[in-house]
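Asks: Below: one structure in structure tokens.
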Amino acid sequence: MARIDTLKLGTFVYTFGFHPAAWLHPGSDVTGANNIDHMVKIAQISEAACLDFMFFADSPAAAVGHPEALARQPTKMNRFEPITAITALSMVTARIGFVATASTSYYEPYNIARLFASADHISGGRICWNVVTSDHDETGYNYNREGLDAHGDRYDRGEEFLDVVLGLWDSWEDDALLLDRENGLYHDKGKLHQLDHMGAHFQVRGPLNIARTPQGRPVIAQAGGSERGKELAARTAEVVFSLASNIDKNKAFYADVKGRMAKYGRKPSDLKIMPGIVINVGETREEAEARAQEMVDVMHPEVGLLMLQEFLEIDLHGADLDKPFPMERMPTKAKGSVAMFEGVKEFVEQGHSLRDLIIHYARQHTGNGLTGSYMEVADYMQEWFEAEAADGFILMCPTLPSSLEDFTRLVVPELRRRGLFREEYEGTTLRENLGLSFPINRHVAARN
């Protein structure tokens, strides 16, 4: 049966673009890491095309590794804190949503609940929290830890953390504010609720000291392909950043996660699965290939080596770039994303050299890689959407803003011609534009 909904599209934001050498591109703003005007331009291009949101990844630490490589890769060395950035950007936009990453390992639930609720009010209901537990050792050293906590421990804390935040966001019922000057009553005391959470990791009394937000509460996003990650997504997530590497794997992931939702009383339409996709697009395939190769040519090998070492958390210096990957150095299991780790391992098991892997990882290291004409990109998106392998895509543009301009100029009109993408926004909140249900306050639900 044909789908009656349309594709959802978001812009993934690393300052200069997703490619590690993007800051070298002549179309980028080399001052962009500390220049909000650069981010404003990206937001305005995205909003003019009616994209759903800008997605800000984050890690609360500077990268650690070989100094030669770090001096050539500014992405994690110098960038805005995302909650601050999205709040500022919401003031110069009207419809586009904003997704900010914040780690459950290094905040307290009350802080997150208050920060995101404030941003949601300021934006008029266009904010989403991307829930992560963090997956790099360097983060822990900034927060009274010796590296990264164990995966299971991070998930235990993260699940309780999320439940506390959701509870705090339900402190105020939708109509709790009376604003009754005549009788001197600001709010209905019976519609403000204390949380009184006592758990293994947190003790939080509440209530939250900011009212229910325009979209009920901020949207929840999540990434993760582990068993616990999929179960948590089925229970709580509204956007899932998928990392499967091909259509068959993503169809299985899509069916798996959405198939778990019914036991939590949720509809499949209230979860949007959106693979990250690295796109090099042109009028023709040859033009797109040339753009992709241009970025590969300017990337220093030390930068690619650092990326792999950071993800795998191993030392690869001294290995011959032109020989097969040294499998004796491959970890036995993922320390971060399970899906990403499996993709890397599958590639090197085919006998590719370390240099091949550096190039492959640079072009495709999160999600899928697609290089082709605008018609080929539209065909690809239509196939995945109609096959229920995806509800949309997060666009990991190699360079910003130039790759995003190429996509909005070439691909968006073609998607619209096929009836796959909106001509204008459906509503004023991110939840409305994504086609998500308005969340019923738990205290109201308990009375009904």
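The values are calculated or read from the model by the stated rules, or taken from the named source; none is laboratory data. Model, not experiment: these values are computed from the prediction. Glycine gets a Cβ as well: all are built from the backbone with ideal geometry, and neighbour counts include every protein chain shown.
Asks: Among the residues of the range 72-82, what is the count of those that are at pLDDT below 90 and of a type outside the set (D, E, K, R)?
Replies: 4
Asks: Among the residues of the range 40-55, how many are buried (at least 18 other Cβ atoms within 10 Å of the Cβ), without any contact (Cβ under 8 Å) to a residue 60 or more places away in the chain and more than 12 Å from Thr408 (Cβ to Cβ)?
Replies: The number of residues fulfilling the criteria is 2.
Asks: Answer with yes or no whether Phe18 is surrounded by 22 or more Cβ atoms within 10 Å (Cβ to Cβ), in contact with a strand residue (DSSP E or B) (Cβ under 8 Å, 6 or more places away or on another chain) and outside any loop (DSSP other than H, G, I, E, B).
Replies: On the way: surrounded by 22 or more Cβ atoms within 10 Å (Cβ to Cβ): yes; in contact with a strand residue (DSSP E or B) (Cβ under 8 Å, 6 or more places away or on another chain): yes; outside any loop (DSSP other than H, G, I, E, B): no.
For Phe18, the condition - surrounded by 22 or more Cβ atoms within 10 Å (Cβ to Cβ), in contact with a strand residue (DSSP E or B) (Cβ under 8 Å, 6 or more places away or on another chain) and outside any loop (DSSP other than H, G, I, E, B) - is not met.
Asks: So, one more: Checking Gly351 against (1) outside any helix (DSSP H, G or I); (2) in contact with a helix residue (DSSP H, G or I) (Cβ under 6 Å, 6 or more places away or on another chain); (3) of a type in the set (Gly, Ala, Ser): exactly one of these is not met. Which one?
Replies: Of everything listed in (1) outside any helix (DSSP H, G or I); (2) in contact with a helix residue (DSSP H, G or I) (Cβ under 6 Å, 6 or more places away or on another chain); (3) of a type in the set (Gly, Ala, Ser), Gly351 misses just condition (2).
Asks: Could I ask something else about it? Among the residues of the range 6-15, what is the count of those that are part of a loop (DSSP other than H, G, I, E, B) and in contact with a strand residue (DSSP E or B) (Cβ under 8 Å, 6 or more places away or on another chain)?
Replies: Within the range 6-15, the subset part of a loop (DSSP other than H, G, I, E, B) is 6-7, 14-15.
When the remaining residues are screened for being in contact with a strand residue (DSSP E or B) (Cβ under 8 Å, 6 or more places away or on another chain), the result is 7.
Summing the residues that are part of a loop (DSSP other than H, G, I, E, B) and in contact with a strand residue (DSSP E or B) (Cβ under 8 Å, 6 or more places away or on another chain) in the range 6-15 gives 1.
Condition check ((1) within 23 Å of Phe347 (Cα to Cα); (2) touching a helix residue (DSSP H, G or I) at 6+ places or on another chain (Cβ under 9 Å); (3) surrounded by 21 or more Cβ atoms within 10 Å (Cβ to Cβ)) across all residues:
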| residue | (1), (2), (3) |
| --- | --- |
| Ser242 | yes, yes, yes |
| Ala252 | yes, no, no |
| Ala262 | no, yes, no |
| Arg266 | no, yes, no |
| Ile277 | yes, yes, yes |
| Glu289 | yes, no, no |
| Val296 | yes, yes, no |
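Yes/no matrix, rows are residues, columns are (1) more than 30 Å from Ser373 (Cβ to Cβ); (2) without any contact (Cβ under 8 Å) to a residue 40 or more places away in the chain:
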site: Tyr186; (1), (2): yes, yes
site: Gly199; (1), (2): yes, yes
site: Arg205; (1), (2): yes, yes
site: Arg212; (1), (2): yes, no
site: Ala221; (1), (2): yes, no
site: Arg235; (1), (2): yes, yes
site: Gly276; (1), (2): no, no
site: Asn280; (1), (2): no, no
site: Arg285; (1), (2): no, no
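Asks: Filter the range 269-295 for residues that are part of a strand (DSSP E or B), more than 17 Å from the chain's Cα centre (by Cα) and either at pLDDT 95 or above or over 30 Å from Gly224 (Cβ atoms) (or both) and give the result.
Replies: Within the range 269-295, the first condition is being part of a strand (DSSP E or B), and the residues that meet it are 272-273, 276-282.
Add one more test, that the residue is more than 17 Å from the chain's Cα centre (by Cα), and what stays is 280-282.
Within the range 269-295, Val281, Gly282 meet the criteria.
Asks: Identify all residues within the range 173-221 that are more than 29 Å from the chain's Cα centre (by Cα) and under 28 Å from Tyr155 (Cβ atoms); write none if there are none.
Replies: Listed by number, the residues that qualify are His193, Gln194, Asp196, Met198, Arg205.
Asks: For the range 95-171, please list each of the helices (runs of 4 or more DSSP H) lying entirely inside it that holds at least 2 residues being surrounded by fewer than 24 Cβ atoms within 10 Å (Cβ to Cβ) and modelled with pLDDT under 95. If you could, list the steps in order and put the result at the bottom.
Replies: Details: elements: 109-123, 137-140, 151-169.
Helices (runs of 4 or more DSSP H) meeting the threshold: 137-140, 151-169.
Asks: To continue, here is another question. Taking the range 72-88 as the search range and keeping residues that are part of a helix (DSSP H, G or I) and under 17 Å from the mean Cα position of the chain (by Cα), which one is surrounded by the fewest Cβ atoms within 10 Å (Cβ to Cβ)? Write out each step before concluding.
Replies: Here is the first cut: in the range 72-88, the ones part of a helix (DSSP H, G or I) are 82-88.
When the remaining residues are screened for being under 17 Å from the mean Cα position of the chain (by Cα), the result is 82-87.
On the way: Pro82: 20, Ile83: 22, Thr84: 13, Ala85: 20, Ile86: 29, Thr87: 19.
This residue is Thr84.
Asks: I'm told Ile358 meets every condition in (1) within 23 Å of Asn250 (Cβ to Cβ); (2) touching a residue at least 40 places away in the same chain (Cβ under 8 Å) except one. Can you identify the failing condition by its number?
Replies: (1)
Asks: Go through (1) under 13 Å from Asn130 (Cβ atoms); (2) at pLDDT 90 or above; (3) part of a loop (DSSP other than H, G, I, E, B) for Asp58 and report which single condition fails.
Replies: It fails just one condition, (2).
Asks: Here is a further query. With (1) surrounded by 14 or more Cβ atoms within 10 Å (Cβ to Cβ); (2) closer than 27 Å to Ala62 by Cα; (3) touching a residue at least 24 places away in the same chain (Cβ under 8 Å) as the list, and His317 as the residue in question, which single condition is left unmet?
Replies: (1)
Asks: Quickly run through the range 400-429 and pick out the residues that are of a type in the set (D, E, K, R) and assigned to a helix (DSSP H, G or I).
Replies: Restricting attention to the range 400-429, the residues satisfying the condition of being of a type in the set (D, E, K, R) are 405-406, 409, 414, 416-418, 422-424, 426.
Residues satisfying the conditions are Glu405, Asp406, Arg409, Glu414, Arg416, Arg417.
Asks: If you go through the range 1-59, how many residues are small (Gly, Ala, Ser) and over 18 Å from the mean Cα position of the chain (by Cα)? Before you say what the answer is, go through the steps one by one.
Replies: We begin by selecting, within the range 1-59, every residue small (Gly, Ala, Ser); these are 2, 10, 17, 21-22, 27-28, 32-33, 43, 46, 48-49, 57, 59.
Those left that are additionally over 18 Å from the mean Cα position of the chain (by Cα): 2, 21-22, 27-28, 32-33, 48-49.
So the count comes out to 9.
Asks: Looking at Val13, Val64, which is the one that is over 18 Å from Asp406 (Cβ atoms), β-branched (Val, Ile, Thr), in contact with a helix residue (DSSP H, G or I) (Cβ under 9 Å, 6 or more places away or on another chain) and surrounded by 15 or more Cβ atoms within 10 Å (Cβ to Cβ)? Before the answer, list the steps.
Replies: Values: Val13 fails: over 18 Å from Asp406 (Cβ atoms).
Checking each option against the conditions leaves just Val64.
Here's the yes/no breakdown for (1) buried (at least 18 other Cβ atoms within 10 Å of the Cβ); (2) more than 21 Å from Ala49 (Cα to Cα):
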| site | (1), (2) |
| --- | --- |
| Ser373 | yes, no |
| Asp379 | no, no |
| Glu386 | no, yes |
| Ala389 | yes, yes |
| Glu414 | yes, no |
